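Worksheet for the structure shown next.
The values are calculated or read from the model by the stated rules, or taken from the named source; none is laboratory data. All values derive from a computational prediction rather than experimental measurement. Every residue, glycine among them, receives a Cβ derived from its backbone with ideal geometry; neighbour counts consider all protein chains shown.
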Amino acid sequence: MPDVTELATEASALDDLLRKIDTRSARIGVIGLGYVGLPLVLLFSESGFDVLGFDVDPAKTDALNRGESYIRHVGVDRIQQAFRSRSAAATGDFGRLAECDAVIICVPTPLGAHRDPDMKYIRTTAEVVARTLRRGQLVVLESTTYPGTTREELLPRFEATGLKCGSDYFLAFSPEREDPGNRQFNNRTIPKIVGAIDAASRDAAVRMYGSVVEQVVPVASAEVAESSKLLENIFRAVNIALVNELKVVFNRMGIDIWEVIEAAKTKPFGFMPFYPGPGLGGHCIPLDPFYLAWKAAEHGVWARFVELAGEVNTGMPRYVVERTTEALNESGKSVKGARVLVLGLSYKPDIDDDRESPSAEILQLLRDRGADVAYCDPHIPFTRRGRKHDLNLTSVACSAETFGEYDAVIVSTAHTAFKEPSLYRYTQLVVDTRNLVPATAVKGRLYRA
Ligand SMILES: NC(=O)c1ccc[n+]([C@@H]2O[C@H](COP(=O)([O-])OP(=O)(O)OC[C@H]3O[C@@H](n4cnc5c(N)ncnc54)[C@H](O)[C@@H]3O)[C@@H](O)[C@H]2O)c1
């Protein structure tokens, strides 16, 4: 028989939190102010909540408190509105987590050198949150991770405080579906999946997100929510791998994959177009699927599609370099000593995020073969040290004259700026991985890769 006083406590901790959410008097804490965390701070602040953003990087917290943005597509006007109005503040003082009624965790989940999950950010953050965990607090993990993380990594650290999940505090997982640069959807209009450790925690998290997003989708458990995010990313990784493999096959047969996709997508049902490219980039699709593969192995099963897609997609930069080598060879030039310009350093159009970008891998592979490499990206003025590369390059100018100085120009990112056909009027050789350049625009020859 449950103790009556226990039930009373349960009702009041949850009711108290729900009331604070409903009246917008709940203070929201967001840990990790990157591509995911910063837009979340703005979403809650613009919805009438007081928000405290936490980050270990003082450059970020200082910039925000000065009203500056460090992510190009997050407008400075929104940051100034939130941080100057004092409804939002940023800090590196994690003791202030005690002031928050809800804490949302958006720290990185990268891969280690052997493609195993690097859980140090989540573990450290769980320990930091545990230090100030108090009755009535809701904690939600948003970082992409393998199924079981919330229950296996967060819950035990929180229970060790003596507080009880579902009655004293509440714990949930809600995957972030942020798509930087997407003008059609934003974090208010993208439906938000919520799964939790128990029913009370789910109620709390659903109420919190329901007050800032248009649609909340409650699911049966934290594990279902964790897995749904992985399914979404694996779906993309596998389909992109499929068209990348077909690109190689069709190319050998003299068939243009882009024309094939255009034809196939006229089917009004049962087909969804995916497009080939120089390889996968970004913080999500190249990395997250391996979180599942790693966890699956613990259960004695193999996520074979994940591994195969990873193999095909990571082979793409090498394929682009091989196509460039063939193309140069046909012009009587070797890669060694050739001047090669790569267009685009970010992994997708019109953003400044270069994490895991295949362009960096292409530049490195060409440099390893003795090419004299350069890149042009209007969104990224200089290269930063990445997980695998430290290229130490500065972007060249985006002009026809500059492009004309190179033996080969590789189109790697479909930035709007590169769509201007006249840019290629002096270029001898274009290797286009994005179907961006019409053959008639190029002075010399055009290769698709
Ligand atoms: N970028 C996306 O489009 C996207 C989309 C969906 C999900 N995700 C997931 O969201 C999570 C965060 O990704 P992101 O792109 O925002 O990463 P990010 O690198 O842009 O931001 C992470 C932030 O966390 C900070 N940080 C690192 N360790 C910390 C700690 N111990 N305490 C506090 N702050 C810390 C970093 O300084 C950085 O500002 C990842 O799990 C990622 O897979 C990202």
Handout entry: Pick from region 127-147, criterion in contact with a Lys or Arg (Cβ under 6 Å, 6 or more places away or on another chain) and more than 10 Å from the ligand (Cβ to nearest atom), ranking: nearest to Cys165 (Cα to Cα)
Key = Ala130
Practice task
All but one of (1) within 16 Å of the ligand (Cβ to nearest atom); (2) assigned to a loop (DSSP other than H, G, I, E, B) hold for Val212, so report the exception by its number.
Solution key: (1)
Practice task
Give me the pairs, please: first residue somewhere in region 119-134 and under 14 Å from Arg96 (Cα atoms), second residue anywhere and within 8 Å of the ligand (Cβ to nearest atom), beta-carbon distance under 7 Å, and either six or more positions apart or on two chains.
Solution key: Thr125/Ile31; Thr125/Val107; Val128/Phe94
Practice task
Can you tell me which residue among Arg177, Arg207 is assigned to a helix (DSSP H, G or I) and of a type outside the set (Gly, Ala, Ser)?
Solution key: Arg207
Fill in the blank from the handout: In the set Arg115, Arg86, Arg134, Arg123, the lone residue that is assigned to a loop (DSSP other than H, G, I, E, B), under 16 Å from Leu171 (Cα atoms) and among the basic types (Lys, Arg) is Arg134
Handout entry: Residue match in region 81-94 (condition: of a type in the set (Val, Ile, Thr), modelled with pLDDT under 95, within 13 Å of the ligand (Cβ to nearest atom) and surrounded by 15 or more Cβ atoms within 10 Å (Cβ to Cβ))
Key = no
Handout entry: Subset of region 163-182 that is of a type in the set (Asp, Glu) and over 17 Å from Ala222 (Cα atoms) - its residue that is farthest from the ligand (Cβ to nearest atom)
Key = Asp168
Completion exercise
A careful count of residues in region 56-76 that are small (Gly, Ala, Ser), in contact with a helix residue (DSSP H, G or I) (Cβ under 6 Å, 6 or more places away or on another chain) and surrounded by 15 or more Cβ atoms within 10 Å (Cβ to Cβ) gives 1
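Going residue by residue through region 187-201, is there one that turns out to be part of a helix (DSSP H, G or I), in contact with a Leu (Cβ under 9 Å, 6 or more places away or on another chain) and in contact (Cβ under 8 Å) with a residue 24 or more places away in the chain?
yes
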Practice task
May I ask you to list the residues in region 123-155 that are surrounded by fewer than 21 Cβ atoms within 10 Å (Cβ to Cβ), hydrophobic (A, V, I, L, M, F, W, C) and closer than 26 Å to Ala303 by Cβ?
Solution key: Leu155
Exercise for the section: Could you tell me which of the residues Phe44, Phe49 is surrounded by 16 or more Cβ atoms within 10 Å (Cβ to Cβ), in contact with an Asp or Glu (Cβ under 9 Å, 6 or more places away or on another chain) and not β-branched (Val, Ile, Thr)? Expected result: Phe44
Exercise for the section: For residues that are over 26 Å from Asn182 (Cα atoms) and away from the ligand (no atom under 15 Å from the Cβ), tally how many sit in region 43-80. Expected result: 2
Problem - Test for Val213: is it over 30 Å from Gly148 (Cα atoms) and aliphatic (A, V, I, L, M) - result: no
Exercise for the section: Sort through Glu298, Glu311, Glu326, Glu307 and tell me the only one that's charged (D, E, K, R) and either within 15 Å of Pro358 (Cα to Cα) or buried (at least 24 other Cβ atoms within 10 Å of the Cβ) (or both). Expected result: Glu311
Exercise for the section: Determine whether region 149-162 contains at least one residue that is more than 26 Å from Asp22 (Cβ to Cβ), within 15 Å of the ligand (Cβ to nearest atom), in a loop (DSSP other than H, G, I, E, B) and modelled with pLDDT of 95 or more. Expected result: no
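Let's see how each residue does on (1) closer than 21 Å to Asp352 by Cβ; (2) in contact with a helix residue (DSSP H, G or I) (Cβ under 9 Å, 6 or more places away or on another chain); (3) free of Cβ contacts under 8 Å to residues at least 24 places away in the same chain:
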position: Leu42; (1), (2), (3): yes, yes, no
position: Glu46; (1), (2), (3): no, yes, no
position: Gly53; (1), (2), (3): yes, yes, no
position: Arg78; (1), (2), (3): yes, yes, no
position: Arg86; (1), (2), (3): no, no, yes
Practice task
Please enumerate the residues belonging to region 1-35 that are out of contact with any helix residue (DSSP H, G or I) (no Cβ under 8 Å at 6 or more places or on another chain), among the β-branched types (Val, Ile, Thr) and at pLDDT 95 or above.
Solution key: Thr23
Practice task
With respect to Lys348, determine if the residue is in a loop (DSSP other than H, G, I, E, B) and either buried (at least 23 other Cβ atoms within 10 Å of the Cβ) or away from the ligand (no atom under 16 Å from the Cβ) (or both).
Solution key: no
Practice task
For Lys192, state whether it is crowded, with 17+ Cβ neighbours inside 10 Å and more than 10 Å from the ligand (Cβ to nearest atom).
Solution key: yes
Problem - Qualifying helices (runs of 4 or more DSSP H) (wholly inside region 216-311; at least 1 residues being within 16 Å of the ligand (Cβ to nearest atom)) - result: 222-252, 288-298
